[in-house]
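Report on the structure given below.
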Amino acid sequence: MDLEKHPQQPRPVGIRASDADRDRIADILRDALAEGRLDAEEHSERIESVYRAKTLAELEPLVQDLPAVTAGRSGPGAAAYAVADDPDAPVTAENLVAVFSSSTRKGRWRIGRRTNAFSLFGNVEIDLTEALFEQRLTVINATAILGNVEVRVPENVTLRGSGTGIFGNFEVDTLESENPEAPVVVVNGYSVFGNIEAKPKRGKLVADLRTMVDKKLRKHLG
């Protein structure tokens, strides 16, 4: 006797992912890239999957092999950055926009944890060679549409990046600092008929970060 065949029940639809959910996963991936847990190719593949994901069930596997919060964890120089890299601190982003114009950030200035650069028929210049780094990880998100974004860093920082150029150019000259306490600058970019490049500036070195962080710790501890 043949068993009665029952129609297959539809699988429940997963919870839809929000933009905040995607940004949360993208931040974990960017930190993993900065710490060397992912290489640039792996990071690029996962980021693409993040923004294609429709549900939370599609997002979570992308970071299941990574720490939920990578900043401030144990490792070389972690104690020195415990104050500066507080993962609970609010992340405020500086926005540099050039539309049929130019925007420049250079000289002695305090670079935050995140900077967004957008160029449309314009030019954005970000010069970190004299900047004050108050945290170990700095992320620059650059978009160039028929425009140009240039990032210059000191020779003794770690520089990494991941991006795409569509009829355009995305170029990051990767650096690995010998100093485990050196700042890490990550440039993420998307260029359409434009140019995004990040390179070291010869002869420029970041200030003695250990001295800066020691002062922070002494102030924090009273």
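The values are calculated or read from the model by the stated rules, or taken from the named source; none is laboratory data. Since this is a predicted model, take the numbers as computed values, not measurements. Positions of Cβ are generated from backbone atoms using ideal geometry, with glycine treated the same way; all protein chains shown enter the neighbour counts. Quick note on the areas: whole protein, heavy atoms, side chains included, nothing else; ligands and nucleic acids left out. Shrake-Rupley method; radii C 1.70, N 1.55, O 1.52, S 1.80 Å.
Computing FRET efficiency as 1/(1 + (r/R0)^6) for GLU178 and LEU120, where r is the C-beta to C-beta distance and R0 is 35 Å, gives about 0.35.
The Cβ shell under 10 Å around ALA93 holds other residues with a net charge of +1, Lys and Arg each +1, Asp and Glu each -1.
With a probe of 1.4 Å, find how much accessible area the stretch 152-200 has per residue, and write the answer as a whole number in Å².
Ligands and nucleic acids excluded, the result is 41 Å² per residue.
FRET efficiency for the pair PHE167 and ASN95, taken as 1/(1 + (r/R0)^6) with r the Cβ-Cβ distance and R0 = 30 Å, rounds to 0.75.
Going by accessible surface with a 1.4 Å probe and the largest first, ARG108, ARG22, ARG113 read ARG108, ARG113, ARG22.
At 1.4 Å probe size, put LYS54, LYS201 in order of accessible surface, largest to smallest.
Listed by decreasing accessible area, they come as LYS54, LYS201.
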